[in-house]
1. Label-point separation (nm) for Tyr403 and Asp197, each offset 7 Å from Cα along Cα-to-Cβ?
2. Can you find, among Ile362, Ser395, Tyr50, the residue farthest towards the positive end of the dipole of the chain? Put +1 on the C-beta of Lys and Arg, -1 on that of Asp and Glu.
3. Scan around Gly202 for amide H atoms under 5 Å from its own, H built in the peptide plane at 1.01 Å from N, and keep only partners 5 or more places away or cross-chain.
4. Once the dipole of the stretch 242-328 is set up with Lys and Arg at +1 and Asp and Glu at -1 on Cβ about the Cα centre, which of Tyr327, Tyr308, Ile261 lies farthest towards its positive end?
5. What area, in nm² and to one decimal, does the C-alpha convex hull of the stretch 109-252 cast on average over all directions?
6. Could you work out how far the C-alpha centroid of the stretch 193-237 sits from that of the stretch 115-164, in angstrom?
7. Mind ordering 287-300, 95-108 by average Cβ neighbours within 10 Å, highest first?
8. Under a plain spin-label model, where a point goes 7 Å from the Cα along Cα-to-Cβ, how far apart in nm are Leu265 and Val355?
Amino acid sequence: MIKNTFLFLVLCAVTFFSNAYLAQEDEDCDGHRYRYLIYDDFQKIEDVVYGANLDSGGDTLVLDMDVYLPPVEDTLTNRPIALVAHGGFFLVGNNEQFDVVPFCEDLARMGYVAVSYNYRLGLDNILLLQQSLQEAVLRAVHDGKAAVRFIRKMYNEEGNPWGIDPNRILMGGSSAGAFIALHAAYLDFSEVPEIMDLSDPGLGGGIEGNSGNLGYSSEVLSVFSMSGAIGNKEWIESGDVPIVSTHGTEDNTVPYEEGTIQIFLIDVDEVDGSAAIHERVDILGIDNCFYTFEGAGHVPHQNFDTYYDTTRAVITGFNSRMVCPSYQQICGYYDVTNPPEIDEEEPADCPQDIVEDGIVDINDMLIFLANYGCIGECVGDFNETGNVSISDLLSILAVYGSYCE
């Protein structure tokens, strides 16, 4: 009984390891992909409808997205996908905006699938700016969550047409788009400020909202923020998803630290900017990366190549490690156009490849476990001790996932 229980636990652990790690560490995590520009071109699918909901005026608005894909010669079917939202203070803008389109194009050239999505805009009462802005944020959060759910719906119901991995979804944006990602990731419904009137148009449905695709998860792997902020950093709790941010110290629109968000020089609401957010996640032990642009203003990446190059490097350096955990940590600038030479390891000669298919995987482990405890000339006696024991188990675990001759 003890032996069977032990083997069952080993099998469960190996199965989890196989699903959660090997699926991400196969051919796509080669040291270049998701971190460097590996393609010169990309594909684009425009105006994909992902949902609908009432706008601030009570009219139904159809919501759509543009999808950016690696070129046709890229045949992987388990690519991570990044959802990117544009800025515009929840008043103006669209998914063709120059603060997000170049980034989406470059993500596709790096091997990701990228999505630039539209969301509901509008402040319904200029005499109640604080309330109207907070309600606009919640509407956009509902739309962002519906976009994430739509990605999973396409994977499950439409045969994964974009070749994505539904377990590796990233969410982020620029300015207002960063607000969406931060609140989608860290705000619980119990924390929604009481100043909001949830009976106003398009605010129903709890934290998930009613913008479409209910029944699928809106959880994401990590978030990224370009000049963003959150209503209250205390909403971030231990165990929440990782985050990477960039922000200028002289941002007069969205504060770099704690401060007031402004529109047309009018104070609208108190928020916690990137410096305050990362102080919080550091305390909580949440994996993160924060890059400060000294002396820069709001969303500098959209106007200056140097800032764009650094922003792109900081975000993809961090996110590439989120989607490929074997990658080394990078939090800063590197040249994404210059991938390093990678020495390919020669396949090992390993007896643990029992099935002899070139890799030590779950199939070999199942055969090994079936012979565990065998005495004599046994399959799985890698150490040639005359029985299949714990030392042999440690031996196969040490090379699990390795390619063999």
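1. So the label points at Tyr403 and Asp197 sit 6.3 nm apart.
2. After comparing all options, I get Tyr50.
3. Leu54
4. Tyr327
5. Over all viewing directions, the stretch 109-252 projects a mean Cα-hull area of 10.0 nm².
6. 9 Å
7. Numbers: 287-300: 17.8, 95-108: 20.4.
Output ranking for 287-300, 95-108: 95-108, 287-300.
8. Calculated label separation equals 7.0 nm.
Here, each number is a calculation from the coordinates, and none is a lab measurement. Keep in mind the model is a prediction, meaning the values are calculated, not measured. We place every Cβ from the backbone using ideal geometry, glycine too, and count neighbours over all the protein chains shown.
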